[in-house]
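Here is the structure we will look at.
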Amino acid sequence: MKQRQTLHIVGGSSRSRAEQAHLGYRLGHHCEVYANVGELIEHVPDSGIILAFDDPAEGGVARVLRALSVIGKWLPVVATSFDPRPTCVVEAIKAGALDYLRLALQEERLDSAIARIGGEADAYAQARRKMVEARNRIAALSPREREVLDWLAEGCSNKMIARELSISPRTVEIHRANMMTKLGAEHPSQAVRLRLEAQLDPGGQMATG
(Lines give C-alpha, C1' and ligand atoms only; values in the text may rest on other atoms or scores of the structure.)
Protein backbone atom coordinates (compact mmCIF):
# COMPACT_ATOMS: atom_id res chain seq x y z
CA MET A 1 0.00 0.00 0.00
CA LYS A 2 1.40 3.40 -0.99
CA GLN A 3 2.41 5.60 1.93
CA ARG A 4 0.75 9.01 1.99
CA GLN A 5 3.28 11.84 2.23
CA THR A 6 3.09 15.56 2.83
CA LEU A 7 4.76 17.46 0.00
CA HIS A 8 6.09 20.91 0.87
CA ILE A 9 6.34 22.89 -2.36
CA VAL A 10 8.73 25.84 -2.08
CA GLY A 11 9.49 28.69 -4.49
CA GLY A 12 8.86 29.28 -8.17
CA SER A 13 5.74 30.90 -9.56
CA SER A 14 2.33 30.58 -7.91
CA ARG A 15 1.09 28.80 -11.03
CA SER A 16 3.90 26.24 -10.89
CA ARG A 17 3.30 25.62 -7.18
CA ALA A 18 -0.41 25.11 -7.86
CA GLU A 19 0.31 22.65 -10.66
CA GLN A 20 2.68 20.65 -8.46
CA ALA A 21 0.16 20.60 -5.62
CA HIS A 22 -2.60 19.46 -7.99
CA LEU A 23 -0.44 16.56 -9.17
CA GLY A 24 0.53 15.68 -5.60
CA TYR A 25 -3.12 15.52 -4.53
CA ARG A 26 -3.93 13.40 -7.57
CA LEU A 27 -1.26 10.92 -6.46
CA GLY A 28 -2.90 10.71 -3.03
CA HIS A 29 -0.58 12.98 -1.05
CA HIS A 30 -1.19 16.10 1.03
CA CYS A 31 0.46 19.31 -0.21
CA GLU A 32 1.52 22.57 1.39
CA VAL A 33 2.85 25.52 -0.63
CA TYR A 34 5.34 28.24 0.36
CA ALA A 35 6.29 31.29 -1.70
CA ASN A 36 9.94 31.09 -0.63
CA VAL A 37 12.34 29.55 1.87
CA GLY A 38 11.58 32.29 4.40
CA GLU A 39 7.93 31.30 4.47
CA LEU A 40 8.93 27.65 4.82
CA ILE A 41 11.08 28.40 7.85
CA GLU A 42 8.31 30.51 9.41
CA HIS A 43 6.00 27.48 9.23
CA VAL A 44 8.66 24.79 9.37
CA PRO A 45 7.22 21.26 9.07
CA ASP A 46 8.24 18.27 11.16
CA SER A 47 7.81 15.67 8.43
CA GLY A 48 7.29 15.18 4.72
CA ILE A 49 9.29 15.82 1.55
CA ILE A 50 10.31 19.27 0.30
CA LEU A 51 10.09 20.09 -3.40
CA ALA A 52 12.27 23.20 -3.71
CA PHE A 53 12.55 25.33 -6.84
CA ASP A 54 16.23 25.65 -7.74
CA ASP A 55 16.64 29.37 -8.42
CA PRO A 56 20.34 30.44 -8.52
CA ALA A 57 19.30 34.06 -8.01
CA GLU A 58 17.85 33.06 -4.62
CA GLY A 59 20.74 30.86 -3.56
CA GLY A 60 19.37 27.69 -5.12
CA VAL A 61 18.46 24.53 -3.25
CA ALA A 62 21.59 24.91 -1.13
CA ARG A 63 19.93 27.87 0.62
CA VAL A 64 16.96 25.72 1.58
CA LEU A 65 19.21 22.98 2.95
CA ARG A 66 21.30 25.48 4.93
CA ALA A 67 18.20 27.11 6.40
CA LEU A 68 16.88 23.74 7.53
CA SER A 69 20.19 22.66 9.04
CA VAL A 70 20.46 25.90 11.04
CA ILE A 71 17.21 25.09 12.85
CA GLY A 72 17.98 21.37 13.12
CA LYS A 73 15.39 20.08 10.66
CA TRP A 74 16.49 17.18 8.50
CA LEU A 75 13.74 16.75 5.92
CA PRO A 76 14.51 15.22 2.52
CA VAL A 77 14.75 17.83 -0.25
CA VAL A 78 14.10 17.38 -3.98
CA ALA A 79 15.20 20.13 -6.38
CA THR A 80 12.95 21.24 -9.23
CA SER A 81 13.61 23.39 -12.30
CA PHE A 82 12.20 24.03 -15.76
CA ASP A 83 15.62 23.77 -17.37
CA PRO A 84 17.92 21.70 -15.14
CA ARG A 85 21.44 22.25 -16.40
CA PRO A 86 24.00 19.53 -15.58
CA THR A 87 26.07 21.87 -13.41
CA CYS A 88 23.00 22.88 -11.40
CA VAL A 89 22.00 19.25 -10.91
CA VAL A 90 25.49 18.38 -9.67
CA GLU A 91 25.57 21.35 -7.26
CA ALA A 92 22.13 20.50 -5.89
CA ILE A 93 23.05 16.88 -5.26
CA LYS A 94 26.35 17.91 -3.67
CA ALA A 95 24.43 20.28 -1.41
CA GLY A 96 22.27 17.39 -0.19
CA ALA A 97 19.25 17.19 -2.51
CA LEU A 98 18.10 13.60 -2.97
CA ASP A 99 16.76 14.06 -6.50
CA TYR A 100 16.30 16.66 -9.22
CA LEU A 101 13.01 16.81 -11.14
CA ARG A 102 12.21 18.72 -14.31
CA LEU A 103 9.13 20.96 -14.33
CA ALA A 104 6.40 20.52 -15.29
CA LEU A 105 6.41 17.40 -13.15
CA GLN A 106 5.61 14.08 -14.77
CA GLU A 107 3.26 11.89 -12.74
CA GLU A 108 5.28 8.67 -13.04
CA ARG A 109 8.60 10.39 -12.26
CA LEU A 110 7.22 12.17 -9.21
CA ASP A 111 5.48 9.04 -7.95
CA SER A 112 8.66 6.95 -8.12
CA ALA A 113 10.75 9.68 -6.46
CA ILE A 114 8.30 10.01 -3.57
CA ALA A 115 8.11 6.25 -3.08
CA ARG A 116 11.90 5.92 -2.97
CA ILE A 117 12.63 8.95 -0.82
CA GLY A 118 9.75 8.30 1.57
CA GLY A 119 11.26 4.92 2.42
CA GLU A 120 14.67 6.50 3.06
CA ALA A 121 13.53 9.52 5.09
CA ASP A 122 14.74 8.33 8.51
CA ALA A 123 18.10 7.15 7.19
CA TYR A 124 18.51 10.43 5.31
CA ALA A 125 17.74 12.51 8.39
CA GLN A 126 20.34 10.68 10.45
CA ALA A 127 23.01 10.91 7.74
CA ARG A 128 22.30 14.60 7.11
CA ARG A 129 22.48 15.42 10.81
CA LYS A 130 25.83 13.63 11.13
CA MET A 131 27.16 15.40 8.06
CA VAL A 132 26.27 18.88 9.33
CA GLU A 133 27.63 18.18 12.82
CA ALA A 134 30.88 16.83 11.34
CA ARG A 135 31.25 19.86 9.05
CA ASN A 136 30.73 22.23 11.96
CA ARG A 137 33.48 20.53 13.94
CA ILE A 138 35.91 20.48 11.02
CA ALA A 139 35.19 24.14 10.25
CA ALA A 140 36.71 25.01 13.65
CA LEU A 141 40.12 23.65 12.59
CA SER A 142 42.94 25.90 11.44
CA PRO A 143 44.13 25.53 7.82
CA ARG A 144 47.18 23.55 8.97
CA GLU A 145 45.09 21.30 11.21
CA ARG A 146 42.80 20.64 8.23
CA GLU A 147 45.82 19.64 6.16
CA VAL A 148 46.97 17.23 8.85
CA LEU A 149 43.49 15.72 8.96
CA ASP A 150 43.40 15.37 5.17
CA TRP A 151 46.73 13.56 5.06
CA LEU A 152 45.76 11.43 8.06
CA ALA A 153 42.68 10.36 6.13
CA GLU A 154 45.05 9.22 3.35
CA GLY A 155 46.72 6.87 5.81
CA CYS A 156 49.91 8.91 6.24
CA SER A 157 52.12 8.70 9.33
CA ASN A 158 53.39 11.80 11.15
CA LYS A 159 56.72 11.53 9.33
CA MET A 160 54.99 11.30 5.96
CA ILE A 161 52.75 14.25 6.77
CA ALA A 162 55.77 16.28 7.89
CA ARG A 163 57.47 15.55 4.57
CA GLU A 164 54.38 16.54 2.57
CA LEU A 165 53.90 19.80 4.49
CA SER A 166 57.63 20.60 4.82
CA ILE A 167 57.44 20.86 8.60
CA SER A 168 58.97 18.84 11.44
CA PRO A 169 57.31 15.66 12.80
CA ARG A 170 57.12 17.38 16.18
CA THR A 171 55.10 20.23 14.64
CA VAL A 172 52.81 17.67 13.03
CA GLU A 173 52.27 16.08 16.46
CA ILE A 174 51.23 19.46 17.89
CA HIS A 175 48.81 20.20 15.05
CA ARG A 176 47.46 16.66 15.24
CA ALA A 177 46.87 16.90 19.02
CA ASN A 178 45.06 20.24 18.59
CA MET A 179 43.00 18.82 15.74
CA MET A 180 41.97 15.78 17.80
CA THR A 181 40.97 17.99 20.74
CA LYS A 182 38.82 20.30 18.58
CA LEU A 183 37.10 17.33 16.92
CA GLY A 184 36.52 15.59 20.24
CA ALA A 185 38.26 12.51 18.86
CA GLU A 186 40.07 10.09 21.14
CA HIS A 187 41.57 8.04 18.30
CA PRO A 188 42.73 8.94 14.77
CA SER A 189 40.06 6.65 13.31
CA GLN A 190 37.37 8.81 14.93
CA ALA A 191 38.82 11.93 13.30
CA VAL A 192 38.91 10.20 9.92
CA ARG A 193 35.33 9.00 10.34
CA LEU A 194 34.21 12.58 11.04
CA ARG A 195 35.89 13.68 7.83
CA LEU A 196 34.03 10.95 5.92
CA GLU A 197 30.73 11.92 7.56
CA ALA A 198 31.33 15.54 6.50
CA GLN A 199 31.27 14.32 2.87
CA LEU A 200 34.14 16.51 1.77
CA ASP A 201 35.07 16.92 -1.87
CA PRO A 202 38.21 15.09 -3.05
CA GLY A 203 40.12 18.35 -2.71
CA GLY A 204 39.20 18.59 0.96
CA GLN A 205 36.63 21.36 0.49
CA MET A 206 33.21 21.44 2.09
CA ALA A 207 30.44 20.75 -0.36
CA THR A 208 27.77 23.44 -0.34
CA GLY A 209 25.08 23.01 2.24
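Looking at the calculated P(r) for the chain, what percent of the C-alpha pair distances fall above 24 Å? Looking at the chain, the distances longer than 24 Å represent 48 percent of pairs. Count Lys and Arg as plus one, Asp and Glu as minus one, and take only other residues whose Cβ is under 12 Å from that of Ala191; the net charge is then +2. Farthest towards the positive end of the charge dipole of the chain, among the residues Ala92, Met179, Ala113, is the Cα of Met179, using unit charges on the Cβ of Lys, Arg, Asp and Glu.
Other residues lying with their Cβ under 10 Å from the Cβ of Tyr34 contribute a combined charge of -2, Lys and Arg counting +1, Asp and Glu -1.
Selection among Val37, Gly155, Gln199 by position relative to the dipole of the chain gives Gly155 as farthest towards the positive end (Cβ unit charges, Cα centre). The magnitude of the dipole of the chain, with charges of +1 and -1 set on the Cβ of Lys/Arg and Asp/Glu and taken from the Cα centre, is near 500 debye. The number of Lys pairs in the chain with C-alpha atoms less than 27 Å apart, excluding pairs fewer than 8 positions apart on the same chain, is 8. The chymotrypsin sites (Phe, Trp or Tyr not before Pro) of the stretch 32-114 meeting both criteria, a DSSP state outside H, G, I, E and B (loop) and at most 15 other C-beta atoms within 10 angstrom of the site's C-beta, are Phe82.
For trypsin sites (Lys or Arg not before Pro), the sites in the stretch 1-52 that DSSP calls loop and that have at most 11 other Cβ atoms within 10 Å are Lys2, Arg4. Averaged over its residues, the stretch 1-92 has an accessible area of 51 Å² per residue, based on protein heavy atoms and a 1.4 Å probe.
Spin-label model, Ser142 to Ala35: label points 7 Å out along the Cα-to-beta-carbon direction sit 4.8 nm apart.
The values are calculated or read from the model by the stated rules, or taken from the named source; none is laboratory data. Only a predicted model underlies this, so the values are computations on that prediction, with no experimental measurement involved. Reconstructed Cβ throughout: ideal geometry from the backbone, glycine too, with neighbour counts over all protein chains shown. Note: accessible area is taken over every heavy atom of the protein model, side chains too, but ligands, DNA and RNA are not part of it. Shrake-Rupley method; radii C 1.70, N 1.55, O 1.52, S 1.80 Å.
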